[in-house]
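J.: Got a structure for you, questions after.
Just so it is clear, none of the values below were taken in a lab; they were calculated from the coordinates. Treat the numbers as computed from the prediction; the structure is a model and nothing was measured. Neighbour counts run over all protein chains shown; Cβ positions are idealised from the backbone, glycine included.
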Amino acid sequence: MKHTAFIAAPFLKKPVSVDNVRNALAHLRYPIADKEETQKKLRVVTFGNFKVYADDGKTLKFSRSLSREIFAYLIDQCGFPVTSKMIAADVLEVQDFDDTTSKKPSKTIGYLVSDLSSAGFTDMIDKQNSQIRINKKDIL
């Protein structure tokens, strides 16, 4: 009968050595991805002034102030899908949603997607079935 090695979840005890840390990291149930393999993430600060930072620490620039407001609204929704009508009512404060008012949110969302794509965050916004949402996994 052949015995297979079974390693329990690793833990460290003092004094810690480099070999012990390497061994513990090598036997994690969910290995940590290398820095190069991880996806780019935005850091969003919502307390005080609304700020969005890229991986390099630089502030993300929005081409339109309204696209920044819509991005803040999507962040506030925490990944819950919203419609253009909801954006028009909550961000633009438009009560009567018709053909002319429906173009402004759609155009501004296009600017927002373009701004995020040019910064390297192509999958940040998810648009499906006339709904839009933020991908929370791309935000710190």
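J.: 5 Å is the cut-off here: which amide hydrogens, built 1.01 Å from N in the peptide plane, fall below it relative to ILE139, excluding neighbours closer than 5 in sequence?
T.: Residues meeting the criterion, in which the H sits 1.01 Å from N, are LEU42.
J.: At 7 Å along Cα-to-Cβ for each site, give me the label-to-label distance between ASP99 and LYS14 in nm.
T.: Result for the modelled spin labels: 7.4 nm.
J.: Let me ask something else about it. Would you mind telling me which residue in PRO81, PRO31, PRO105 has the biggest mean-square fluctuation in a Gaussian network model of the chain, where springs connect alpha carbons within a distance under 10 angstrom?
T.: Answer for the Gaussian network model of the chain: PRO31.
J.: Could you name the lysines whose alpha carbon sits less than 30 Å from that of LYS85, not counting residues in the same chain fewer than 8 places away?
T.: Partners found: LYS41, LYS51, LYS61, LYS103, LYS104, LYS107, LYS127, LYS136, LYS137.
J.: Could you work out how much longer the chain between LYS85 and ARG43 gets when fully extended? Use 0.36 nm per residue separation minus the Cα distance between them, nm to one decimal.
T.: Length gained between LYS85 and ARG43: 12.4 nm.
J.: What percent does the relative contact order of segment 43-138 come to when contacts are Cα pairs within less than 8 Å and at least six residues apart?
T.: Numbers: 100 pairs, mean separation 27.8, N = 96.
Over segment 43-138, the number comes to 29 percent.
J.: Out of (1) 35, 21, 16; (2) 44, 17, 13; (3) 50, 19, 11, which label holds the value of semi-axes √(5λ) of the Cα gyration tensor in Å that was computed here?
T.: (2)
J.: Once you mark the trypsin sites (Lys or Arg not before Pro) that are in a DSSP loop and have at most 13 other Cβ atoms within 10 Å, what is the longest gap between them in the chain? Display every interim value, and only then the final one.
T.: Details: sites that count: LYS2, LYS13, ARG29, LYS35, LYS58, LYS61.
Result, exposed sites excluded: 62-140.
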